[in-house]
1. Among the residues of region 57-92, write down those that are of a type in the set (A, V, I, L, M) and part of a helix (DSSP H, G or I).
2. Which members of region 137-167 meet the condition of being open to solvent by 10 Å² or more (accessible area, probe 1.4 Å), of a type in the set (A, V, I, L, M, F, W, C) and either touching a strand residue (DSSP E or B) at 6+ places or on another chain (Cβ under 6 Å) or free of Cβ contacts under 8 Å to residues at least 12 places away in the same chain (or both)?
3. Would you pick out the residues in region 15-28 that are out of contact with any Leu (no Cβ under 9 Å at 6 or more places or on another chain) and touching a residue at least 40 places away in the same chain (Cβ under 8 Å)?
4. Pick from region 24-37 the residues that are on the phi < 0 side of the Ramachandran plot and in contact with a helix residue (DSSP H, G or I) (Cβ under 7 Å, 6 or more places away or on another chain): which of them is most open to solvent (accessible area, probe 1.4 Å)?
5. Any residue in region 66-84 that is among the aliphatic types (A, V, I, L, M), open to solvent by 60 Å² or more (accessible area, probe 1.4 Å) and farther than 22 Å from Arg137 by Cβ?
6. Just to be sure I understand the filter: pairs with C-beta atoms under 6 Å, separated by 6 or more residues or on different chains, first member in region 67-90 and of a type in the set (Gly, Ala, Ser), second member surrounded by fewer than 19 Cβ atoms within 10 Å (Cβ to Cβ) and outside any helix (DSSP H, G or I). Which pairs pass?
7. Let me spell it out: the conditions are (1) exposed (fewer than 12 other Cβ atoms within 10 Å of the Cβ); (2) modelled with pLDDT of 95 or more; (3) not hydrophobic (A, V, I, L, M, F, W, C), and Lys62 meets all of them except one. Which number is the exception?
8. Being among the basic types (Lys, Arg), part of a helix (DSSP H, G or I) and over 23 Å from Ser122 (Cβ atoms) is the filter here, so list the residues in region 1-56 that pass it.
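The values are calculated or read from the model by the stated rules, or taken from the named source; none is laboratory data. Here the structure is a predicted model, which is why all the values come from computation and not from measurement. Ideal geometry is used to build each Cβ from the backbone, glycine not excepted, and the neighbour counts take in all protein chains shown. Please note that ligands, DNA and RNA were not included when accessible areas were found on the heavy atoms of the full protein model with its side chains. Shrake-Rupley method; radii C 1.70, N 1.55, O 1.52, S 1.80 Å.
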Amino acid sequence: MTSDELNHAEYADFYAPYVGTLTNIELIEELEISVHRLIRFVQDIPMDKFDYRYAEGKWTIKDILQHLIDCERIFSYRALRFARNDKTALPGFEENDYAVVAQGHNRSIQHLLTELAVVRQSTLYLFKTFSNEELMRVGMASGSPMSVRAAGFIIIGHQNHHQRIFQERYL
């Protein structure tokens, strides 16, 4: 299943910038490869940049890694619910509220990268269990439809988005 097969009706408009970072990628393969690409990228960042904020009130690289971990868990949970044909509409979440209490900037970079890898491994194993029929199932999250496969592609696109932000604003 590739990102080019994804229909815009399978996700909310506010996810379009993330999905837009994807070009004909295969879902399972990219879930597996992309996290390693990000970890290698982050490991090459100078240590003094991990706690850097490019403007007042902006997140550190550590905060963003924590944000990626939190969001991946949420999107994986949504994918599980929708794949199991749960018709309960799921609420949104306020990422800034999560960041304040998560305190990613107070964690070690190694711990964050290890947790990111473990969470992705869990996501990968979950998505490998889904049949093509389950990947096409749609539920409601944040007041909009979302397919199971869209949740997976959003995880990847969201990661790509933040890696680009690291390059443009932190380095």
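1. Step one: list which residues in region 57-92 are of a type in the set (A, V, I, L, M), which gives 61, 64-65, 68-69, 74, 79-80, 83, 89-90.
Hits for region 57-92 are Ile61, Ile64, Leu65, Leu68, Ile69, Ile74, Ala79, Leu80, Ala83.
2. Selection gives Val138 alone.
3. Here is the first cut: in region 15-28, the ones out of contact with any Leu (no Cβ under 9 Å at 6 or more places or on another chain) are 15-18, 20-21, 23-26.
If the condition is that a residue be out of contact with any Leu (no Cβ under 9 Å at 6 or more places or on another chain) and touching a residue at least 40 places away in the same chain (Cβ under 8 Å), then Tyr15, Pro17, Tyr18, Gly20, Thr21, Ile25 are the ones that fit.
4. To start, the set of residues in region 24-37 that are on the phi < 0 side of the Ramachandran plot comprises 25-37.
Retained after the next criterion (residues that are in contact with a helix residue (DSSP H, G or I) (Cβ under 7 Å, 6 or more places away or on another chain)): 25, 27-28, 30-32, 34-35.
Working: Ile25: 27, Leu27: 2, Ile28: 43, Glu30: 25, Leu31: 0, Glu32: 84, Ser34: 0, Val35: 6 Å².
Top of the filtered list is Glu32.
5. The answer is no; no qualifying residue exists.
6. Close Cβ pairs satisfying both conditions: Ala89/Met140.
7. (1) is the only condition that Lys62 fails.
8. Residues of region 1-56 among the basic types (Lys, Arg): 37, 40, 49, 53.
Retained after the next criterion (residues that are part of a helix (DSSP H, G or I)): 37, 40, 49.
Selection gives Lys49 alone.
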